[in-house]
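Note sheet for the following structure.
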Amino acid sequence: MSISREWVKVENDGLEIDAYLAQPSEPGDYPGIVVFQEIFGVNAHIREVTERIAAQGYVAIAPALYQRLEPGFEVGYSDADLAKGREYKVQTKASELLGDTQASLDYLKGLPNTTDQFGCIGFCFGGHVAYLAATLPDIQVTASCYGAGIAQMCPGQEVGTTCDRTPAISGTIYAFFGTEDPLIPLNDVDTIEQALQEHHIDHKLFRYEGATHGFLCDQRESYHPEVAKQAWGEIWQLFGQLKD
């Protein structure tokens, strides 16, 4: 499906958030997907993912999660880039991330070609944000990809974890992890699964043998093409629920 792409501004309580918008070129009504960046900003890879989702028949938007810290932030995958991205990540707050997500959803609602069906997807830091965003009533499906820290902390908060918010998830969530991920202990994955089961959340949790952190990103050494193909198959099935 042919698509259009552009940078837009999403308004949130006086803050203008840069966001990358990709959508089908042909007229129609399409579900909306919010795409959450890794710690490296809305870089070329995240823009490509946003376009890939749009080409499957969704209106996809990737808001800049570091807008308050450094507008236009976009880096690659060097050690220096990693350090800078982490520096900004620890300064984010759950309330602001949720507010920016809701503002992005409201932006999608204001477009003439979106339905009332919405989902989200995130990778790395964005995978954590996606789990957090799953608690928003507008989010019906969530793909959380190797989100670190979900079972250990919540952005900007001294007590409690994002996993503690699991009961507030009202839609379906798929969570993807690699068994060799040094950033996400297997015990954390078990904790997340137990919380999803205990609170009767509609979910699937995937553990990919031999995959490490970042296995879906073809710009990183950790990319695992076979696992990525499997995971994207699950993601398309999940997002397809918005079209049923």
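The values are calculated or read from the model by the stated rules, or taken from the named source; none is laboratory data. Quick caveat: nothing in here was measured; it's all calculated off a predicted structure. Backbone-built Cβ (ideal geometry, glycine too); neighbour counts: all protein chains shown. Surface areas here come from the heavy atoms of the whole protein model, side chains and all, with no ligands, DNA or RNA. Shrake-Rupley method; radii C 1.70, N 1.55, O 1.52, S 1.80 Å.
Using a 10 Å cut-off on Cβ atoms, rank the peptides 12-19, 32-39 from the highest mean neighbour count down.
Output ranking for 12-19, 32-39: 32-39, 12-19.
At a Förster radius of 30 Å, what calculated FRET efficiency corresponds to the Cβ-Cβ distance of residue 221 and residue 5, to the nearest 0.05?
0.65
Given labels modelled 7 Å from the Cα in the Cβ direction, how far is it in nm from residue 209 to residue 15?
Between residue 209 and residue 15, the label points sit 4.4 nm apart.
Before I look further, what does the range 124-244 give for accessible area per residue, probe 1.4 Å, in whole square angstrom?
Result: 44 Å² of accessible area for each residue.
Step through the residues of the range 141-150 one at a time and calculate ³J(HN,Hα) from phi using the Karplus curve (6.51 cos²θ - 1.76 cosθ + 1.60, θ = phi - 60°), rounding each to whole Hz and writing x for Gly and Pro.
Result, rounded to whole Hz: 9, 9, 10, 9, 9, 6, x, 7, x, 4.
Between residue 79 and residue 186, what FRET efficiency comes out of the Förster formula 1/(1 + (r/R0)^6) with R0 = 30 Å and r the beta carbon distance, rounded to 0.05?
E(calc), rounded to 0.05, equals 0.70.
What is the set of long-range amide H partners of residue 30 at a cut-off below 5 Å, with H atoms built 1.01 Å from backbone N?
114, 115
I need the P(r) histogram for the range 106-176: all alpha carbon pairs, bin width 10 Å from 0 out to the longest distance, whole percents.
22, 49, 24, 6, 0
Just read off the accessible area of residue 58 with the full protein assembly in place, 1.4 Å probe, to the nearest 10 Å².
10 Å²
Mind jotting down the three principal axis lengths of the chain based on Cα atoms? Whole angstrom, largest first.
Largest first, the chain extends 46, 40, 35 Å along its Cα principal axes.
Mind checking the log10 I(q)/I(0) for the range 1-73 at q = 0.14, 0.16, 0.27 Å⁻¹? Debye, one equal scatterer per Cα, no solvent, two decimals.
-0.41, -0.52, -1.19
Residue 109 label point, 7 Å along Cα→Cβ, cut-off 16 Å on backbone N: hits in the range 4-20?
Counting only backbone N, you get 10-13.
Which log10 I(q)/I(0) values, to two decimals, does the range 184-244 give at q = 0.15, 0.20, 0.23 Å⁻¹ under the Debye formula with one point per Cα?
Taken in order of the listed q values, log10 I(q)/I(0) reads -0.59, -0.93, -1.05.
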